[in-house]
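Worksheet: one structure, shown below.
The values are calculated or read from the model by the stated rules, or taken from the named source; none is laboratory data. What you are looking at is a predicted structure, and each value in this text was computed from that prediction instead of being measured. Cβ coordinates were reconstructed from backbone atoms using ideal geometry, including for glycine residues, and neighbour counts include every protein chain displayed. Ligands, DNA and RNA are excluded from the accessible area calculation, which covers all protein heavy atoms including side chains. Shrake-Rupley method; radii C 1.70, N 1.55, O 1.52, S 1.80 Å.
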Amino acid sequence: MNFSIQTILENETYQLIPLQQGDFESLYEVASDPKVWEQHPNKDRYRREVFENFFQGAIESGGAFKVVERATGDILGSTRFYDFDDENNSIFIGYTFYGTKSWGRKINPQIKKLMLDYIFQFIDTVYFHVGKDNIRSRTAMERLGAENQGEQEVAYFGEPSRTNILYQIQKQNWL
């Protein structure tokens with residue numbers, strides 16, 4: 001891998017800053033609302049001990065970010081790059097969540113654009129795992145132009161397998 005999946009990415013409004021151990025409490029404050037996880041495959045991530053596992057997986061991924069609003073410095077959520085595949089020149093983007101105060105503000109398309117614009121300098125294909133019943137995230141993927149590749153069982157870090165929809169965006173379709 002001749003690029004970093006933990007660089008600072010930013011536009012006029014938001015920053016993606018590499019996640020660090022010291023970010024746990026401020027990110028958990030956002031994640032502790034059960035509404036955040038209602039449509040996610042693991043609906044218990046609002047519980048501290050479950051979120052601790054999620055956070056540890058984020059740190060160990062080496063590609064996790066906190067999403068920060070530049071004007072306020074508030075942490076709005078988190079996302080990450082993961083599972084780089086050198087042979088197929090692909091990577092995943094996912095594990096994304098935002099606090100409810102960020103919903104409806106069109107933040108996710110801007111964050112995904114930052115990530116995709118950056119990573120497509122190096123990668124040909126980006127994949128996304130989205131929980132089968134997560135209609136909000138599935139709609140977001142389709143609005144980005146991601147193609148549904150069908151169902152796939154995914155074992156999240158320290159969690160049981162769940163049925164996800166695999167989405168894909170090819171570099172030539174993004175530019």
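Per-residue answers, yes or no, for (1) open to solvent by less than 30 Å² (accessible area, probe 1.4 Å); (2) touching a Phe, Trp or Tyr at 6+ places or on another chain (Cβ under 7 Å); (3) modelled with pLDDT of 95 or more; (4) under 19 Å from Ser61 (Cα atoms):
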| site | (1), (2), (3), (4) |
| --- | --- |
| Thr79 | yes, yes, yes, yes |
| Ile91 | yes, yes, yes, yes |
| Gly99 | yes, no, yes, no |
| Trp103 | no, no, no, no |
| Lys106 | no, no, no, no |
| Lys113 | no, no, yes, no |
| Tyr118 | no, no, yes, yes |
| Phe122 | no, yes, yes, yes |
Q. Among the residues of segment 129-151, is there at least one that is open to solvent by less than 50 Å² (accessible area, probe 1.4 Å), over 28 Å from Phe3 (Cα atoms) and in contact (Cβ under 8 Å) with a residue 60 or more places away in the chain?
A. yes
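For segment 52-63, state whether one or more residues are in a strand (DSSP E or B), under 19 Å from Ile5 (Cβ atoms) and without any contact (Cβ under 8 Å) to a residue 60 or more places away in the chain. Write out each step before concluding.
If we filter segment 52-63 for residues that are in a strand (DSSP E or B), which is where we start, we get none.
The answer is no; no qualifying residue exists.
Is it the case, given these coordinates, that Gly63 is out of contact with any His (no Cβ under 9 Å at 6 or more places or on another chain) and either at negative phi or open to solvent by 50 Å² or more (accessible area, probe 1.4 Å) (or both)? Can you show your working first?
Numbers: out of contact with any His (no Cβ under 9 Å at 6 or more places or on another chain): yes; either at negative phi or open to solvent by 50 Å² or more (accessible area, probe 1.4 Å) (or both): yes.
In short, yes.
For segment 9-25, give me the residue count where each residue is assigned to a loop (DSSP other than H, G, I, E, B) and open to solvent by less than 50 Å² (accessible area, probe 1.4 Å). Before the answer, list the steps.
To start, the set of residues in segment 9-25 that are assigned to a loop (DSSP other than H, G, I, E, B) comprises 11-13, 19-20.
Now drop any that are not open to solvent by less than 50 Å² (accessible area, probe 1.4 Å), which leaves 11, 19.
Summing the residues that are assigned to a loop (DSSP other than H, G, I, E, B) and open to solvent by less than 50 Å² (accessible area, probe 1.4 Å) in segment 9-25 gives 2.
Listed residues Tyr28, Tyr46; which is modelled with pLDDT of 95 or more, assigned to a loop (DSSP other than H, G, I, E, B), of a type in the set (Phe, Trp, Tyr) and surrounded by 13 or more Cβ atoms within 10 Å (Cβ to Cβ)? If you could, list the steps in order and put the result at the bottom.
Numbers: Tyr28 fails: assigned to a loop (DSSP other than H, G, I, E, B).
On inspection, the qualifying residue turns out to be Tyr46.
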(Q) Of all residues being touching a residue at least 40 places away in the same chain (Cβ under 8 Å) and within 22 Å of Tyr118 (Cβ to Cβ) in segment 159-171, which is most open to solvent (accessible area, probe 1.4 Å)? Just the residue, please. (A) Lys171
